[in-house]
Amino acid sequence: PTCTDSTHNHSHNHDHDQDDSTCTDSTHDHSHSHDHGSHLDNLGIKSFVYKSNRPFHAIRLMAVLHTWPIPVKDELDLGLLEKASNNGVEIDGITQKSPFVGVLRSKGFCWMSPTKWFGPGQDMWRHNTAMYWSQAGKHFGVTTAGNWWAKISKEQMREYFVNNEKEYERILKEDFVTDEFGDRRQEIVFIGANIDETEITEALDECLCTDEEMEAYRKDLATLEQMLEREIQ
């Protein structure tokens with residue numbers, strides 16, 4: 001693409017050798033491949049991609065991340081990870097089991113619901129902003145990664161891909177997961193030792209907005225759009 005707008009993220013890709021979340025180089029591999037080879041399977045290392053077309057409730061997600069077990073050692077000890085996974089880890093003085101114990105690396109893009117749409121302290125920007133999730137061992141961060149493509153119309157978006165129509169079509173086909181919210185979504189790859197995909201998925205699903213919260217989301221969004229229309233008029 002010929003886009004030079006740094007607020008847009010064109011790849012939304014989870015290639016583990018590519019750490020630049022704002023890469024716009026069309027020569028890079030933008031596939032969603034996560035093949036780590038059978039030799040890793042023998043060590044109990046596995047990976048999966050968590051996906052959802054609902055936003056995270058920011059407060060519930062932060063509560064889960066606050067209890068994310070941080071490894072004490074920098075060295076990888078699969079034996080200790082397996083023991084912690086079975087027996088639990090100590091968090092705030094209490095021993096508890098966590099589905100994230102064996103996670104060695106996780107990265108991807110996530111969608112956060114605004115906690116306050118209007119007035120002082122509002123964070124309505126979350127609606128249009130893709131968040132970049134990156135965790136490796138002790139290091140964890142969720143930072144802004146530019147705007148979702150769905151912030152603009154498909155006609156406007158197409159102008160950024162004058163010389164790369166295939167990439168434009170790929171994004172619409174693979175990344176636009178709903179008609180209502182476009183490419184806003186959760187797509188995070190997890191790599192770890194003896195990790196349980198079901199338990200991690202259930203823990204993250206608990207952080208997603210409920211049906212009632214999605215209805216409130218839609219009402220606040222409609223109010224915002226009406227306010228913007230009045231300003232234009």
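Screening the candidates A145, A136 for the property of being closer than 30 Å to G102 by Cα, surrounded by 17 or more Cβ atoms within 10 Å (Cβ to Cβ) and not hydroxyl-bearing (S, T, Y) yields one hit, A145. Within the stretch 148-175, the set of residues being of a type in the set (A, V, I, L, M, F, W, C), under 21 Å from W111 (Cβ atoms) and either touching a helix residue (DSSP H, G or I) at 6+ places or on another chain (Cβ under 7 Å) or assigned to a helix (DSSP H, G or I) (or both) comprises W149, A150, M157, I171, L172.
What are the pairs with Cβ atoms under 6 angstrom where one residue, in the stretch 49-66, is hydrophobic (A, V, I, L, M, F, W, C) and the other, located anywhere, is open to solvent by 50 Å² or more (accessible area, probe 1.4 Å)? Sequence gap at least six, or different chains. These pairs meet every condition: A58/T115.
Quick check on R126: is it assigned to a helix (DSSP H, G or I) and under 30 Å from G102 (Cα atoms)? Spell out how you get there, then give the answer.
On the way: assigned to a helix (DSSP H, G or I): yes; under 30 Å from G102 (Cα atoms): yes.
It is true that R126 is assigned to a helix (DSSP H, G or I) and under 30 Å from G102 (Cα atoms).
Apart from one condition, T201 fits all of (1) surrounded by 15 or more Cβ atoms within 10 Å (Cβ to Cβ); (2) polar (S, T, N, Q); (3) part of a loop (DSSP other than H, G, I, E, B); the exception is (3).
Considering (1) surrounded by 16 or more Cβ atoms within 10 Å (Cβ to Cβ); (2) within 15 Å of the chain's Cα centre (by Cα), the lone condition that E167 does not fulfil carries the number (2).
Under 7 Å by Cβ, and 6 or more places apart or on different chains, what pairs join a residue from the stretch 145-160 that is farther than 23 Å from P55 by Cβ with one that is part of a helix (DSSP H, G or I)? As it stands, the answer is R158/Y168, since those pairs meet every condition given.
The selection criterion, being out of contact with any Leu (no Cβ under 9 Å at 6 or more places or on another chain), surrounded by fewer than 16 Cβ atoms within 10 Å (Cβ to Cβ) and either among the hydrophobic types (A, V, I, L, M, F, W, C) or part of a loop (DSSP other than H, G, I, E, B) (or both), holds for A222. Taking the criterion of being of a type outside the set (A, V, I, L, M, F, W, C), at pLDDT 95 or above and touching a Lys or Arg at 6+ places or on another chain (Cβ under 7 Å), the residues of the stretch 85-122 that qualify are S113, P114.
The values are calculated or read from the model by the stated rules, or taken from the named source; none is laboratory data. Small disclaimer: the values here were computed from a predicted structure and weren't measured. Here Cβ is always computed from backbone atoms with ideal geometry, including for glycine, and neighbour counts include all displayed protein chains. Areas reflect the complete protein model, heavy atoms only, side chains present, ligands, DNA and RNA absent. Shrake-Rupley method; radii C 1.70, N 1.55, O 1.52, S 1.80 Å.
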